[in-house]
Amino acid sequence: MKKGMLCLLCLAFCLCACGRQRGNGKETRELFAMDTYMTLTVYGEGADEALALLAEEITTLERQFSAAREDGEIGSLNRNGTAELSDETLTLLRRCLALERQTGRAFCVGMYPVVCLWGFPTGAYRVPTEAEIQAALAKTDLRALQIEGNRVTLPEGAQLDFGAAAKGYAGQKCAQLLSARGDCAAILSLGGNVQTVGTKSDGSKWQVAVQDPFGEGYAAQLAVEGTKSIVTSGSYQRYFEQDGRRYGHIFDAQTGYPAQSGLASVTVVADDGTLADALSTALFVMGLEKGTAFWRDTGGFEAIFITEDGEVYVTSGLAADVTGCTFAEVAP
Ligand code: AMP
Ligand code: MG
C-alpha cells in the first residue's frame, strides 16, 4: 500500500541522514510525529538548540491534540465527554469551530466518529452500512457543545479531530518560536505541510515542491518569500481500496463518505498555519468551483487546485511563483 511505501522511503532517507546533518551552516533533524514523517531544517547560529526546541514542541502538541491518546487533552475529552482544557487547546478549538462555520462544515472538527467508523485511526478499514454512516454523522453535530471557562463538554457521542488543522498550527507555532530567538531561517516539512521561516542568507526564495497526487514525483514548484505556511491535502495521502474503489481519508460532512469533489489535491498558502491547514482540507471537500468561489469571497490565502483529470488551477496571487507545470490562472 502506498502509505507503507512512502514510510519505507522516508525511513530510508532518515537512516541515510542518521537523524541529523551538519554542514553549509544548517542543521536538519527528522522525526516521526502526528502520524507523519517530518524534516526540520534550520539555518544559522544555534540551529542545533533550535531544532531540539522544535522537536520538543511538536511532541508536546502531538500529545495535546491527539484524538486518541489517553494522556492528551483532546484524547481525554473524547474519552470522557468533558475535560478542562488549557488556554492554548481551547483557543485552537474555538478557531476550529469558527472555521467550521465559515466553510459551511467543509472543515468539520467533529468528524472523528466518521473517521473511526471507516477504520482510519486503527487501519481496520471497511465500508460501513448506510445506517452506520447516518448514526456517525449525527454525532458530528457540535451545536450543543458547551464551554464554561476552560471546561468543554461534548454532546453525547461527539468526538473531536484536530487532524486537519494541528500540523498547520504546529508549523506556525514553530515559526513563532524560531522568530522569537532572533534572526534565523528555516524550512520545516511536517508531512503534507511546509512552514518556511525568515529569509535564506543569500536572499533567494524558498522553493517548495507540490507533490504529484498521481505519482511519486512533483506536480509543480512554488517559490515562497519569508514566513509562510504551505499545506497540501489530498486523498492520495491516505486511503484504502476495496472492490476496485479508492476511499480517501478526507470526509464530506454532508454525506459521511470520503469527499469526491473531482479534486486530487489542494495546496493552500497563507501567513497563518492553522488557516492554511483547515482550508486545504475544506477546499478539497468543496471542489474546484465552490473552492475558487470561497477564495474570491474570503481572501487571505492563495491556492493550487489539481483536479482528478490532472488539470492545475492557480489563484492569481500565486501565478507568478508557480513553475514546472502548465496551469490555468484563477482570476479574482
Ligand atoms: P488533512 O490531511 O489536513 O486534510 O486532514 C485530514 C484528516 O483530518 C483526516 O485524516 C481526518 O482525521 C480529519 N478529517 C477528515 N475529514 C475532515 C473534514 N472534512 N474536516 C476536518 N477534519 C477532517
Ligand atoms: Mg488540513
Subset of region 154-189 that is under 16 Å from M111 (Cα atoms) and not hydrophobic (A, V, I, L, M, F, W, C) - its residue that is farthest from ligand 2 (Cβ to nearest atom) | E156
Has region 207-215 got any residue that is modelled with pLDDT under 95 and on the phi > 0 side of the Ramachandran plot?
-> no
For region 97-122, pairs from a residue that is touching a residue at least 12 places away in the same chain (Cβ under 8 Å) and within 15 Å of ligand 2 (Cβ to nearest atom) to a residue that is in a helix (DSSP H, G or I) and small (G, A, S), with Cβ under 7 Å and 6 or more apart or across chains, are L99/A278; T103/A282; A106/A282; F107/A278; F107/A282
Inside region 64-87, can you point out the residues that are closer than 25 Å to V194 by Cα and either out of contact with any helix residue (DSSP H, G or I) (no Cβ under 8 Å at 6 or more places or on another chain) or of a type in the set (S, T, N, Q) (or both)?
-> Q64, S66
Answer yes or no as to whether S233 is modelled with pLDDT of 95 or more, within 22 Å of Y313 (Cα to Cα) and within 11 Å of ligand 2 (Cβ to nearest atom).
-> yes
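Each row is one residue, and each column tells you yes or no for (1) under 27 Å from V115 (Cα atoms); (2) surrounded by fewer than 20 Cβ atoms within 10 Å (Cβ to Cβ); (3) more than 16 Å from ligand 1 (Cβ to nearest atom).
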| position | (1), (2), (3) |
| --- | --- |
| V231 | yes, no, no |
| Y239 | yes, yes, no |
| V268 | yes, no, no |
| G273 | yes, no, no |
| F305 | yes, no, no |
| D309 | yes, yes, yes |
| A320 | no, yes, yes |
Would you call F294 in contact with a strand residue (DSSP E or B) (Cβ under 8 Å, 6 or more places away or on another chain), aromatic (F, W, Y), crowded, with 20+ Cβ neighbours inside 10 Å and at pLDDT 95 or above?
-> no
Criterion (among the hydrophobic types (A, V, I, L, M, F, W, C), closer than 23 Å to L93 by Cβ, touching a Pro at 6+ places or on another chain (Cβ under 8 Å) and touching a residue at least 24 places away in the same chain (Cβ under 8 Å)) met by exactly one of I250, I306 = I250
With respect to A12, determine if the residue is under 20 Å from the mean Cα position of the chain (by Cα), surrounded by fewer than 19 Cβ atoms within 10 Å (Cβ to Cβ), closer than 28 Å to G119 by Cα and modelled with pLDDT under 95.
-> no
Which ones in region 190-211 are in contact with a Phe, Trp or Tyr (Cβ under 7 Å, 6 or more places away or on another chain) and either away from ligand 2 (no atom under 16 Å from the Cβ) or under 14 Å from V269 (Cβ atoms) (or both)?
-> T196, K200, S201, A209, V210
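The values are calculated or read from the model by the stated rules, or taken from the named source; none is laboratory data. Source: prediction; values computed, not measured. Positions of Cβ are backbone-derived with ideal geometry, glycine not excepted, and every protein chain shown enters the neighbour counts.
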